[in-house]
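The values are calculated or read from the model by the stated rules, or taken from the named source; none is laboratory data. The shown structure was predicted, so the numbers you read here are calculated from the model rather than taken from an experiment. Glycine gets a Cβ as well: all are built from the backbone with ideal geometry, and neighbour counts include every protein chain shown. Note: areas computed on protein heavy atoms with side chains; ligands, DNA, RNA excluded. Shrake-Rupley method; radii C 1.70, N 1.55, O 1.52, S 1.80 Å.
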Amino acid sequence: MTALPPGPTGSALSQTLRFSSDPYGFLKSAPLEIGDPFTFTMLGEGAMVLFSQHEHIRQIFALPRKNLRSANETVRFLLDERSIVFLEGEEHRHARKVMSTPFSGRTLEGYARSIHAATVHELSGFADDALVPLHTAFQHVTFDALLEAIVGVEEAERFAALRGHLLSYVDGALTPAMFAAAITVGPWLQRHTAKAVAAKSATLRAGGAPSAWGPLGSRTSTLARCAVLLHELVQERRESDAQGASVLDRFLQRPGPDGSPVADHDIVQELLTLFVAGHDTTSIGLTWAMVALLDHPEVVARIREEVAPFMGTGPDFAGLARCAYLDAVISESLRFYPPSPLVPRRAEVDVTIGGVQLPAGTRFGPNIIGAHFSEAAWGDPHVFRPERFLDEHPSSAFVPFGGGHRKCLGAAFTRFEMRIVLARLLTDFDVTPGPKHSRDASVHGILIGTKKPLKVQVRRRT
Ligand code: HEM
């Protein structure tokens, strides 16, 4: 049997604790201390070989899709098994085709006004010198920003209900406690959730109120409420011969990979996936960008100068799109603080990466944080220096959105949104760190966020 590369000393439990208490520190130091690649053994999930050199990451993302399966077991606690994240082969290809158009290319320009309006609305609640929980504010904006692309324009009242339930589901899910549950009983949690949500959805449809009793009771009740609202929406659109360009409409307009209409259940799961995948990732990304910017007033000054000509009350979004420095700041903050650290694959056949043999069945993937802090790729990786993105860099050393046939569907959308939100916030407000400000990170479900909620002091600029 081929031996896997060495890993950190200690049991799976101690490795998992080191990872979860200091994810960035652990994944930065492991390749330097142990070697590259190294084998990380996570409790409940088993061994995973992690590669940090960009040439090896390029090889991983270039592997033919038929030789790989998604191995992101940690996500099971969060999403149904019919989510795109777990689909393979033709089903996966079909779902990506339907779901990617509303999040790419020229389509994005159509969302600029609503993203800006959602940002202005949220910022209008900031009082001078108030201590603002920035991540929560970003969560509101990022949820609203997704609505048009995912379900199209709808009545405000229905969206308000959906927003409330989804935010509370995601908030309850992306916690250190749920990370512990995810890695120990993830597949069980996925089956239990699917059963409970089906039963509770039936209760809701019959006009009843599902019980929120038990440790997971309120979580599954909340998810059932989201599912019922989305099911209603799917049915109404199906009956009204959906003509829109949202993901929901596109699913209704196209037959599934077997030629028959895609089942309502599957459409609802993809809509939920997009809300979950697109919402807190972006709000955490924005939060980390602000953590970095609080340390770098000179970068803030340069952003303000660059965006000023385009940020009147009716902004010039085309001008904003040309702001190369702002774009470089977004890249540098995603390099410095990548919210999503691991994107494991499982080999279906024996594969070799960088001369290391991985027998069929091995879990492996890029160490995104290791790649982002590789001295060979970046020279001075520990310095926050957006200018580096105005120069050449090896593209496979910058992989905050993963890569290959599973690369994040929302990468362009997120960057587009972050540009508008940061430009508006920094144009309108001076932002300073609140008391007990910290840059410490911890694992939130499947993402890496700030250990303590980021609170900042704001003052409107005149
Ligand atoms: C800062 C924001 C975001 C980050 C850091 C991020 C990161 C990621 C990563 C690392 C993956 C896994 C890629 C792989 O396995 O190679 C992923 C997948 C995915 N992301 Fe994102 N994401 C972000 C925003 C979004 C947004 C806004 C959306 C939706 C609009 C979205 C939708 C998805 C979907 C649907 C997948 C699954 C793709 C598949 O399995 O084929 N993400 N994302």
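When you check F251 against the structure, is it farther than 18 Å from A95 by Cβ, within 24 Å of the chain's Cα centre (by Cα) and surrounded by 15 or more Cβ atoms within 10 Å (Cβ to Cβ), yes or no? No; evaluated as a whole, the condition is false for this residue. Taking the stretch 405-430 as the search range and keeping residues that are assigned to a helix (DSSP H, G or I) and within 6 Å of the ligand (Cβ to nearest atom), which one is nearest to N67 (Cα to Cα)? Result: R406. Within the stretch 206-220, being surrounded by fewer than 16 Cβ atoms within 10 Å (Cβ to Cβ) and part of a loop (DSSP other than H, G, I, E, B) holds for A206, G207, G208, A209, S211, A212, W213, G214, P215.
The single condition among (1) more than 13 Å from the ligand (Cβ to nearest atom); (2) in contact with a helix residue (DSSP H, G or I) (Cβ under 9 Å, 6 or more places away or on another chain); (3) not charged (D, E, K, R) that S240 does not meet is (2). Against the condition under 15 Å from the mean Cα position of the chain (by Cα), at positive phi and not β-branched (V, I, T), how does G354 come out, does it pass? So G354 fails the test.
Within the stretch 255-270, track down each residue that is under 24 Å from the mean Cα position of the chain (by Cα), more than 19 Å from R406 (Cβ to Cβ) and either of a type in the set (V, I, T) or open to solvent by less than 30 Å² (accessible area, probe 1.4 Å) (or both). The answer is I267, V268.
Scanning the stretch 143-157 finds one or more residues that are at pLDDT below 80 and part of a helix (DSSP H, G or I). Determine, yes or no, whether A397 is farther than 22 Å from L108 by Cα, of a type in the set (G, A, S), crowded, with 21+ Cβ neighbours inside 10 Å and within 14 Å of the ligand (Cβ to nearest atom). So A397 does not fit the description; no.
It is to be established whether one or more residues within the stretch 5-24 are of a type in the set (K, R), within 14 Å of the ligand (Cβ to nearest atom) and part of a helix (DSSP H, G or I).
Quick first cut of the stretch 5-24, residues of a type in the set (K, R) only: 18.
Narrowing the set further to residues that are within 14 Å of the ligand (Cβ to nearest atom) leaves none.
Within the stretch 5-24 (the criterion being of a type in the set (K, R), within 14 Å of the ligand (Cβ to nearest atom) and part of a helix (DSSP H, G or I)), the answer is no, since none of the residues qualifies.
Within the set Q235, Q243, the sole residue that is open to solvent by 20 Å² or more (accessible area, probe 1.4 Å) and part of a helix (DSSP H, G or I) turns out to be Q235.
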